[in-house]
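Note sheet for the following structure.
The values are calculated or read from the model by the stated rules, or taken from the named source; none is laboratory data. If you're wondering where the values come from, they're calculated on a predicted model, not measured in any experiment. When we count neighbours, we look across all protein chains shown, and the Cβ atoms used for this are built from the backbone with ideal geometry, even at glycine.
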Amino acid sequence: MHSVVTAVTDRIIARSRTSRELYLRALDEARANGVHRSSLSCGNLAHGFAACSPADKNSLQQFTKANIGIITAYNDMLSAHQPYADYPALLKAACHEIGSVAQVAGGVPAMCDGVTQGQPGMELSLLSREVIAMATAVGLSHNMFDGALLLGICDKIVPGLLIGALSFGHLPTLFVPAGPMRSGIPNKEKARVRQLFAQGKVSRDALLEAESKSYHSAGTCTFYGTANSNQLMLEVMGLQLPGSSFVNPDDPLREALNKAAARQVCRLTEMGTQYTPIGQVVSEKSIVNGIVALLATGGSTNLTMHMVAAARAAGIIINWDDFSELSDAVPLLAKVYPNGQADINHFHAAGGMALLIQQLLDAGLLHEDVMTVAGFGLQRYTMEPKIIDGELIWVDGPKTSIDPEVITSIDKPFQENGGLKLMKGNLGRAVIKVSAVSPQHRVVEAPAVVIDDQNQLDAIFQAGELNKDCVVVVRGQGPKANGMPELHKLTPILGTLQDQGYRVALLTDGRMSGASGKVPAAIHLTPEALDGGLISKIHNGDLIRVDAHSGELTLLVDNDELTARQTVLPSTRDASFGMGRELFGALRSQLSSPETGARSTQAIDEKY
């Protein structure tokens, strides 16, 4: 094993010892009663299988067959989740084939950040993760189930499902992906049209045409944002079948893999042959594996919050120092937009997950000795699924890249370190994704342009007041202030300024898109403005230094001057009402800092 990976893993194990032991003890206690529906009264059980077929009722009341709970994030507005419409029937049939039963245990909301970007609804996005976790727990709380299948892909949905499932850590659980849509227009062309629109050089019709050619059918968006980062993370952590992440929805292999997932979860129950609860699959080593894979591919910055929150749900404590130390040791092996011109389909065709995992294992950057839903050992994930003579089998994956411009080798990485950097200084702590930022743009020292709403920037830009080197500061965007929406509207403007030769950067206590791009952006700043962070004292014209090489994030103002300044706390009035936001006030006020996962689950801290 690489010495840094070993050191970080050992540190996480030591830091988490007490909380992890408490979690595993709770897992064992939950398991102790055997088939849990056996503890139900006759009235409870009758309610639980009232709508089942006679054969399923007989199976469930005899306690001889596994019952699998399906939690679905289906809706047909969200392209990535539209394919899930037919999954429950297919999964139930596959469970029946091997003598088990499946029921839809519940549904969870699934909102699309792509639809809500720049809109008030985006302020519910991060909050929805907590709702999804709770809804997952509600679905599984009927005590009818011996295992679970989770249907979800995008942004907050996968982390929410994972957090909820880990509260039932004694249950074997598989994620069932639906795959990305096939490639549309190149992402570079889409970004070009967006910038032209920001400059007023193309019409809204032209912009809509470009967007529609990019997001054009059922399936996950093809750029490497949070949704596809989720899928990569799940597979490397051993939570879904090898090679299942990036198979298109209309590929015959997709259906075969879905059926295989249903059969496999039945085998993993206590009634099967290899009991494997999710609480043991998610371990300190598998969490490190997930972080390493994200860094090696330039994955979404959103995972710096979501992985912290999910790990904590399993009694494991990680922080941004762990991410940063691993990032210094992990080479960048993939170029997928925005860190390159390829999309996720090109990544899959170039060798995909099997090749990535093989290379990272060979370099000692991944722990091989982990439990997965496919059995013990991550080596199983260097194989890829094929349909041969009508049967699904796994064969050895490629040993070298089919396209070295998309996936390179360990000895010729795109850069020597990963795609993430911890930023710290008198302003606090933040993260920056540098995999898509050219080296010449990674250091910016310039005057601040301070705004409290991303919608304010366009008017300043149109007035020509941004034609200069600057650090755009967007404050009052943290979890407690307004739910930490993604600040996607900033990207075309800042990209245009950079293309015009200005040195620009972004500083915010909010989030950027999971596909944060070519402009250096120090994001997730903690403490946030509402908690009295120094960002609340920045004035227009203050010099700020953003150095993604050294990790320096400094407000270059004399300490005496800063002490004398008033703290300007952001108004939360506009984020408190309308578009359903009034329903989430209590939850929003309880969210923790981004570095601790932006979580509302203090009860987990008290228990573990």
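Only residues that are over 30 Å from TRP320 (Cα atoms) and either part of a strand (DSSP E or B) or out of contact with any Gly (no Cβ under 7 Å at 6 or more places or on another chain) (or both) were counted across the range 398-424, and they come to 4. With respect to being surrounded by fewer than 23 Cβ atoms within 10 Å (Cβ to Cβ) and either closer than 30 Å to ALA206 by Cα or in contact (Cβ under 8 Å) with a residue 40 or more places away in the chain (or both), SER141 falls outside the description. For the range 220-238, the set of residues classified as among the hydrophobic types (A, V, I, L, M, F, W, C) and either more than 26 Å from VAL101 (Cα to Cα) or surrounded by fewer than 24 Cβ atoms within 10 Å (Cβ to Cβ) (or both) consists of CYS221, PHE223, ALA227, LEU232, MET233, VAL236, MET237, listed by residue number. Looking at the range 370-397 only, could you name the residues that are part of a loop (DSSP other than H, G, I, E, B) and either assigned by TED's automatic domain parsing to the domain that holds GLY290 or surrounded by 18 or more Cβ atoms within 10 Å (Cβ to Cβ) (or both)? Once the filter is applied, which keeps residues that are part of a loop (DSSP other than H, G, I, E, B) and either assigned by TED's automatic domain parsing to the domain that holds GLY290 or surrounded by 18 or more Cβ atoms within 10 Å (Cβ to Cβ) (or both), the range 370-397 yields VAL370, VAL373, ALA374, GLY397.
Consider VAL437 carefully, then state whether it is at pLDDT below 95, touching a strand residue (DSSP E or B) at 6+ places or on another chain (Cβ under 9 Å) and of a type outside the set (Lys, Arg). Judged against the criteria, VAL437 is a match. One residue alone among ALA80, ALA165, ALA102 is surrounded by 24 or more Cβ atoms within 10 Å (Cβ to Cβ), in contact (Cβ under 8 Å) with a residue 60 or more places away in the chain, closer than 30 Å to PRO485 by Cα and touching a Cys at 6+ places or on another chain (Cβ under 8 Å), and that residue is ALA80. If I filter the range 108-125 for residues that are out of contact with any strand residue (DSSP E or B) (no Cβ under 8 Å at 6 or more places or on another chain), over 29 Å from ALA66 (Cβ atoms), aliphatic (A, V, I, L, M) and without any contact (Cβ under 8 Å) to a residue 60 or more places away in the chain, do I get at least one hit? Scanning the range 108-125, I find at least one residue that is out of contact with any strand residue (DSSP E or B) (no Cβ under 8 Å at 6 or more places or on another chain), over 29 Å from ALA66 (Cβ atoms), aliphatic (A, V, I, L, M) and without any contact (Cβ under 8 Å) to a residue 60 or more places away in the chain, so the answer is yes.
With a requirement of 3 or more residues that are small (Gly, Ala, Ser) and over 21 Å from LEU162 (Cβ atoms), the helices (runs of 4 or more DSSP H) lying completely within the range 29-109 that satisfy it span 42-49, 87-97.
Any chance the range 455-477 includes a residue that's surrounded by 15 or more Cβ atoms within 10 Å (Cβ to Cβ), among the charged types (D, E, K, R), in contact with a helix residue (DSSP H, G or I) (Cβ under 6 Å, 6 or more places away or on another chain) and assigned by TED's automatic domain parsing to the domain that holds GLY533? Yes: one or more hits.
Counting only helices (runs of 4 or more DSSP H) that fall entirely inside the range 436-554 and contain at least 1 residues that are in contact with an Asp or Glu (Cβ under 6 Å, 6 or more places away or on another chain), the qualifying elements are 479-482.
Of all residues in the range 127-148, those satisfying the criterion of being in a helix (DSSP H, G or I) and among the hydroxyl-bearing types (Ser, Thr, Tyr) are SER128, THR136. Since GLY299 meets every condition but one in (1) of a type outside the set (S, T, N, Q); (2) under 22 Å from GLU368 (Cβ atoms); (3) buried (at least 24 other Cβ atoms within 10 Å of the Cβ); (4) at pLDDT 95 or above, which condition does it not meet? Against the list (1) of a type outside the set (S, T, N, Q); (2) under 22 Å from GLU368 (Cβ atoms); (3) buried (at least 24 other Cβ atoms within 10 Å of the Cβ); (4) at pLDDT 95 or above, GLY299 comes up short only on (4). If the condition is being polar (S, T, N, Q) and under 20 Å from ARG511 (Cα atoms), then the range 567-598 contributes SER571, THR572, SER576, SER589, GLN590, SER592, SER593, THR596.
With the requirement that a residue be without any contact (Cβ under 8 Å) to a residue 24 or more places away in the chain, in a loop (DSSP other than H, G, I, E, B) and surrounded by fewer than 15 Cβ atoms within 10 Å (Cβ to Cβ), what does the range 201-219 give you? Answer for the range 201-219, where residues must be without any contact (Cβ under 8 Å) to a residue 24 or more places away in the chain, in a loop (DSSP other than H, G, I, E, B) and surrounded by fewer than 15 Cβ atoms within 10 Å (Cβ to Cβ): LYS201, SER203. Determine which single condition ASP458 fails, assuming it passes every other condition in (1) under 23 Å from ALA309 (Cβ atoms); (2) modelled with pLDDT under 95. Against the list (1) under 23 Å from ALA309 (Cβ atoms); (2) modelled with pLDDT under 95, ASP458 comes up short only on (1).
Do the conditions hold for THR269, that is, is it among the hydroxyl-bearing types (Ser, Thr, Tyr) and touching a strand residue (DSSP E or B) at 6+ places or on another chain (Cβ under 7 Å)? Break it down stepwise before answering.
Values: among the hydroxyl-bearing types (Ser, Thr, Tyr): yes; touching a strand residue (DSSP E or B) at 6+ places or on another chain (Cβ under 7 Å): yes.
So THR269 passes the test.
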